[in-house]
Structure formats: structure tokens, C-alpha cells
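**Student:** Submitted below is the structure of interest, expressed as C-alpha cells.
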Amino acid sequence: MAGSQSPTNAADRPRLTEAQKKENHIRSEQKRREAIREGFDRLASIVPGMEGQGRSEAVVLEATVKYLREQIVIRKKLITNAQARGVDTTGWELPTHTLEACEAQLKRVQEEEQQQNGLQGKD
């Protein structure tokens, strides 16, 4: 392999110029941003009411959190109804920390809404 044309270690490879390094960095950053955009587009396509809207990442995240909270509430009701009918729901429950985080987030949102409503009433 010693006669091979391809470099075998880092010392044998030619160093990149500053312009090449900059171009590589720009390309990497563009790929990263595109991956993020695609992720938000996928979220927007899954969350009801987000289709076809101008995409603000903050709006997509807010709508996603709201949708997931709603789904968790629906799931809890389904589990409660199934248990009331005698169905074994072992394994259906979400992890406790997930439920606690959801409830804490819901409480924060409700408190923020109350504060906003209180401020609007003073105007």
C-alpha cells in the first residue's frame, strides 16, 4: 500500500486554505439549517391547523406543545374509561415524569394567560 496514490494519514493530506475552510463551514451550516427547516416542516405537517401557514419556528413549537398536551389529556381519559370497564391498562400509562412535566407546563400556561387577562383588564 506504500505505493498507493491516496493519502493514508492526516500528515499526507494537503492542508485546506482559509477560503476552503470557510466554504466547508458555510456548507455545514447550510445543511444544519436545512435539517432544522425540514424538521419544523414535518412537525407543521403533523400538527392540526398548521398546514399551509407561514412557518414561524416559535409558532410551530407552541402549537406542537399544545397539541401534545391535548393528546395526553385524551389518552388519560381513554385509560380511565378503559379501567372503568375493567380493561387491563398495564403498559398504557405514560411515564410519571412525562405526566408531571405536562401538568406543570399546563399550569404555567394557565398562569400566564391569567396574568395576561389581568393586564388586559387594566387597560
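**Student:** Checking the a/c ratio against 1.5 first, then a/b against b/c, what shape does the Cα gyration tensor give for segment 51-123?
**Tutor:** It comes out prolate by the Cα gyration axes.
**Student:** Calculate, in nm to one decimal, what ARG27 and VAL87 gain on full extension: separation in residues at 0.36 nm each, minus their alpha carbon distance.
**Tutor:** 16.2 nm
**Student:** For a quick check of your reading of the filter: which GluC sites (Glu not before Pro) in segment 68-106 sit in a DSSP loop and have no more than 13 other Cβ atoms within 10 Å?
**Tutor:** Qualifying residues, ordered by number: GLU93.
**Student:** Run the reach check for LYS76 against lysines, Cα to Cα strictly under 30 Å, same-chain hits fewer than 8 apart removed. What comes back?
**Tutor:** LYS66, LYS107
**Student:** Moving on to the next point. Over the chain, what number does the Rg to Rh ratio reach, with both radii from the alpha-carbon atoms and Rh per Kirkwood?
**Tutor:** Result: Rg/Rh = 1.27.
**Student:** May I ask you to evaluate 6.51 cos²θ - 1.76 cosθ + 1.60, the Karplus curve with θ = phi - 60°, for each residue of segment 91-101 and list the ³J(HN,Hα) values in order in whole Hz, giving x for glycine and proline?
**Tutor:** Each residue's phi maps through the Karplus curve to give x, 7, 5, 7, x, 4, 5, 5, 5, 5, 5 Hz.
**Student:** Helix-only mean residue ellipticity at 222 nm, the chain, DSSP H runs n ≥ 4 weighted -39,500 (n - 2.57), per residue, nearest 500. What is it?
**Tutor:** -24500 deg cm²/dmol
**Student:** With the chain treated as a Gaussian network of Cα nodes joined by springs under 10 Å, which of ALA11, ALA44, ALA104 yields the largest mean-square fluctuation?
**Tutor:** ALA11
**Student:** Ignoring ligands, DNA and RNA, what accessible area per residue does the chain give at 1.4 Å, in Å²?
**Tutor:** Value for the chain: 84 Å² per residue.
**Student:** With springs connecting C-alpha atoms under 10 Å apart, model the chain as a Gaussian network and identify which of THR90, THR64, THR98 has the largest mean-square fluctuation.
**Tutor:** Result: THR90 has the largest fluctuation of those listed.
The values are calculated or read from the model by the stated rules, or taken from the named source; none is laboratory data. Because the structure is predicted, anything quoted here is derived from the model rather than measured. Cβ coordinates were reconstructed from backbone atoms using ideal geometry, including for glycine residues, and neighbour counts include every protein chain displayed. Areas reflect the complete protein model, heavy atoms only, side chains present, ligands, DNA and RNA absent. Shrake-Rupley method; radii C 1.70, N 1.55, O 1.52, S 1.80 Å.
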